[in-house]
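Engineer: My questions will all concern the structure given below.
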């Protein structure tokens, strides 16, 4: 065992294509407050992305994956694994990943699977893809983090539980837009947030989700990867963290020594809400949309239950022209139709009609 | 409950995979195996770009079984840039009015579910093209 | 003009007609409804046992969970054992069944055939009816996208107005004429007439198609007793009418597969074939019972038949040419629009109504001195078209 705890592939790998997806509907947090706190209550700032009636994790993953493929400019049959991480897979039994693989043409020589680890299911799939390609078992693997998150009507989660995510094609470093310099995972049994089988809405431990959960795991995962890599906050151009709200990632970034300018480009939660398994990953696509070559990025996810995956990325020249081949994250964000609570309730299937 | 009839069309429906005639290069969608243009066998697969324009459209108020939860929705005839015409729903229109000639692009969306317990059926729909 | 009065033994003649009122027959089952029409058609001819019975229907499998209507209805009508089957071509079922009778009689394999059109739509409720109607579209490539015949008619209508310079209410005349004619038809569902302002204020059901652009779907049954001239019994109470032409043509099932969808090619070719068979020209026809389930289809049918140039069919409705005293009266008893749309039975109602016109028994709906009438029913939005031309037999 090496001195540090980093996860080390047998060969260098990177991101050869990436794609975001954010649905077009927006529910302002003030609209949720209007319904549940009263007309005169000044609600929290921000809004969240809401999926349309015909959208789910399968359709959103397909679009994000197509964007990743467009940027990678590869034949989809090169993809040997399709892994989708989410906590809102449309089927209880029947993989999301098989539909995505079929739709993007990555069948049949494919290992397909769905991942589940609350909000870090997507980075978990990415971690596995690094191993799959890094071991030499495959040349290209697709990892997706996508969610259409649930929040109980009137509950605290309803203000932010959003929809969206991102897809990443992992391949060898020589063809990458972004190389992966290091990765690490940190896990304990911490029941801060969960949803029992067959329940519609999750439960959460309120303030217990903070210190012993989010902050402990994110900080540990960031500390380990930065120290083991001999890097400090100022060595990074950008940092992106799981963002259940704006407060948590802002506070953890500050404690790790990052300044707001490093955090801001990837902090999308005020505009699209918490996209759960897509949260850190779609923050990263927004960064990749604007980063220059040879810039370092720190990403740390967090999944309740609980664990964090941390990654250090470094951009290459390839990123600059390839990123033009698919819509930028901000294009999806600016494609905005505001809805009221009634429409939201309908879109989210909260109206009982049968 | 229906399963196989939707499964067998997955490639066409998810990704707009049609056919091209090896004889006259006519692009075919929906696939029909015999070229409508020259009458030759045409079974070579062809991946359509997904770009097209609205040829005609209307809004369905009174939906058939399985589509009630989506009503009202817009159905349209879409002229694909490669030539063929198809029937599909428009989606993600936001508050934008539809018009004949409007450029649209294909997305894969949920068409309907086969009842409460049946399979989810996915397929092509079209939306206003996203700038890129 | 050819003289159709010198008959021959293999002439096909209509010797009995029956029609039930069209509407909501809550307490009548599909077999009872058919029997009512059969009794009227066979009135006074009960001793004449048909060699074959063809039942035209499109919705019974979906809405009444019933196939083999032939055996069901024949047995219920006391005609157990007779050769019988159901003919289905959606809205063209009626005309298709009449054509089967025509061919059977012409071939000599049958001397007398009973054709029954029956549709029982009120056995289904809600979205199930819309789904049943949508089965006339391509299930894999049209219906799966949530389309219905109504929305397909609306797609055609939108395109028609886009391509042609026509006022917003260009099609109103079809509805107004049909409702006017239905006032004096005791079998009609709507007998109050309608005003132009009602059309203008009508709610959209699939824009730009409004409530008055669509026919109301209802229950009804019509029957025809058809025989070879050499097998007609003596002592008929009403004049016979001859079927002098019968044709059936088709085109793509899916609307999107047609290279030029505002040109109804199946309708055009079935009319041309019928004219050729009858040796008549369009101007010889005194009336035309066309498929007016949607007003846009009426306009397109007039254009396909050649009564109007492309894009101008609506003008005939605008200037009164389609009214009872116009140059080509249509929907003379209200058509599907006001008599009520009976789906697969429509073609049988059309021929029954033309028979009444040519017999001179149309009462207040009589088209003066009607000698030749053409009927055309279509399946879906023009996939199948069955056309018949009938001639009066001079006393």
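Engineer: If one takes the longest principal axis of the Cα atoms in chain A, at what angle in degrees, from 0 to 90 and to the nearest 10, does the Cα axis of helix A:121-134 lie?
Structural biologist: The answer is roughly 10 degrees.
Engineer: Now a separate question. Which residues in region A:9-43 have a backbone N closer than 17 Å to a point placed 7 Å from the Cα of residue A:201 along the Cα-to-Cβ line?
Structural biologist: Those under the cut-off are A:29-38.
Engineer: Also: What does the helix-only formula give at 222 nm for the protein assembly as shown: each DSSP H stretch with n ≥ 4 adding -39500 (n - 2.57), the total divided by the residues, and the result rounded to the nearest 500 deg cm²/dmol?
Structural biologist: -8000 deg cm²/dmol
Engineer: Follow-up. If I take R0 = 45 Å and measure r between the Cβ atoms of residue C:364 and residue B:61 in this structure, what FRET efficiency does the formula 1/(1 + (r/R0)^6) give, to the nearest 0.05?
Structural biologist: Efficiency, rounded to the nearest 0.05: 0.80.
Engineer: Among C:361-368, C:272-279, C:86-93, A:191-198, how do they line up by average Cβ neighbours within 10 Å per residue, starting with the highest?
Structural biologist: Answer by packing, highest mean first, reads C:86-93, C:272-279, C:361-368, A:191-198.
Engineer: 7 Å from Cα along Cα→Cβ at both residue A:337 and residue A:324: what's the point-to-point distance in nm?
Structural biologist: In this crude label model, residue A:337 to residue A:324 measures out at 3.1 nm.
Engineer: Other chains near C:149-157: what is the mean number of their Cβ atoms within 10 Å of each residue's Cβ?
Structural biologist: Per-residue shielding by partner chains comes out at 5.
Engineer: Using only alpha carbon pairs under 8 Å that are at least six residues apart, calculate the relative contact order of chain B and give it in whole percent.
Structural biologist: Relative contact order of chain B: 23 percent.
Engineer: For a label point 7 Å from the Cα of residue C:65 along Cα→C-beta, name the residues of region C:113-144 whose backbone N is under 20 Å from it.
Structural biologist: C:119-133, C:135
Engineer: Ranked from highest to lowest mean number of other Cβ atoms within 10 Å per residue, what is the order of the peptides B:62-70, C:123-131, A:135-143, B:84-92?
Structural biologist: B:84-92, A:135-143, B:62-70, C:123-131
Engineer: Set the Förster radius R0 to 41 Å, insert the Cβ-Cβ distance between residue B:44 and residue C:272 as r into 1/(1 + (r/R0)^6), and round the FRET efficiency to 0.05.
Structural biologist: So, using R0 = 41 Å, E works out to roughly 0.65.
Engineer: Anyone know which of C:341, C:219, C:140 comes out most mobile in the 10 Å Cα GNM of chain C?
Structural biologist: C:140
Engineer: Take the Cβ-Cβ distance between residue C:191 and residue C:234 as r, set R0 to 41 Å, and report the resulting FRET efficiency rounded to the nearest 0.05.
Structural biologist: Result of the calculation: an efficiency of 0.65.
Engineer: While we're here: Between the alpha-carbon centers of region B:7-34 and region A:69-127, tell me the distance in whole angstrom.
Structural biologist: 25
Engineer: Could I ask something else about it? How far is the Cα center of region C:212-254 from the Cα center of region B:40-60, in Å?
Structural biologist: Computed from Cα coordinates, the inter-centre distance equals 40 Å.
Engineer: Considering the Cα trace of chain C, what is its radius of gyration and what is Dmax, both in angstroms?
Structural biologist: In order Rg, Dmax, the Cα atoms of chain C give 19.3, 58 Å.
Engineer: Next question. Out of every Cα-Cα pair in chain A, what percent are more than 27 Å apart?
Structural biologist: The proportion of pairs with Cα distances above 27 Å equals 40 percent.
Engineer: With the contact rule set at Cα under 8 Å and sequence spacing of 6 or more, what percent relative contact order holds for region A:165-231?
Structural biologist: Relative contact order of region A:165-231: 30 percent.
Engineer: Sort A:258-264, A:209-215 for me by packing, meaning the mean count of neighbouring Cβ atoms within 10 Å per residue, highest on top.
Structural biologist: A:209-215, A:258-264
Engineer: Now, a different point. Averaged over C:126-134, how many beta carbons belonging to a partner chain fall within 10 Å of each residue's beta carbon?
Structural biologist: Across the residues of C:126-134, the mean count of other-chain Cβ atoms within 10 Å is 4.
Engineer: Could you give the angle, 0 to 90 degrees to the nearest 10, between helix C:30-41's Cα long axis and the longest principal axis of the Cα atoms of chain C?
Structural biologist: It works out to around 60 degrees.
Engineer: Quick one: if you stick a label point 7 Å off each Cα along the C-beta vector at residue B:95 and residue A:194, how many nm between them?
Structural biologist: Between residue B:95 and residue A:194, the simple spin-label model gives 4.5 nm.
Engineer: Using only Cα atoms, locate the centre of region A:293-311 and the centre of region B:77-132, then give the distance between them in Å, rounded to an integer.
Structural biologist: Rounded to whole Å, the Cα centres lie 36 Å apart.
Engineer: Could you pull out which residues in region A:1-36 have an amide N less than 19 Å from a spot 7 Å beyond the Cα of residue A:73, following the Cα-Cβ vector?
Structural biologist: Once the point is set 7 Å along Cα→Cβ of residue A:73, A:14-20 turn out to lie under 19 Å by backbone N, inside region A:1-36.
Engineer: Take the alpha carbon gyration tensor of region A:178-319, find the square roots of its eigenvalues, order them as a ≥ b ≥ c, and report rounded if a/c is under 1.5; if not, report prolate when a/b exceeds b/c, else oblate.
Structural biologist: Judged from the Cα gyration tensor, region A:178-319 comes out prolate (a/c at least 1.5, a/b above b/c).
Engineer: Still on this structure: Would you calculate the convex hull of the Cα atoms in region C:1-138 and tell me its volume per residue in Å³?
Structural biologist: It comes to 147 Å³ per residue, whole-number rounded.
Engineer: Using only the Cα atoms of region C:201-326, what semi-axes does the equivalent ellipsoid have when each is the square root of 5 times a gyration tensor eigenvalue? Give whole Å, largest first.
Structural biologist: 30, 20, 17
Engineer: If you bin every alpha carbon distance in the protein assembly as shown into 10 Å steps from zero, what whole percent lands in each bin?
Structural biologist: 2, 12, 19, 18, 14, 11, 9, 7, 4, 1, 0, 0
Engineer: Continuing with the same structure: Peptide A:332-339: average number of partner chain Cβ atoms within 10 Å per residue?
Structural biologist: 2
Engineer: Continuing with this model, one more query. On a 0 to 90 degree scale, rounded to 10, what angle separates helix C:346-359 from the longest Cα axis of chain C?
Structural biologist: Here the helix axis deviates by roughly 60 degrees.
Engineer: Do you know the relative contact order of region A:178-319, to the nearest whole percent, from alpha carbon pairs under 8 angstrom that are 6+ apart?
Structural biologist: 37
Engineer: Just the ratio, please: alpha-carbon radius of gyration of region A:118-179 over 2.2 N^0.38 Å, N its number of residues.
Structural biologist: Against the empirical 2.2 N^0.38 Å value, I get 1.47 for region A:118-179.
Just so you know, all these numbers are worked out from the coordinates, no wet-lab data involved. Remember, predicted model here, so these are calculated numbers, not experimental data. Please note: Cβ atoms are built from the backbone with ideal geometry, for glycine as well, and neighbour counts cover all protein chains shown.
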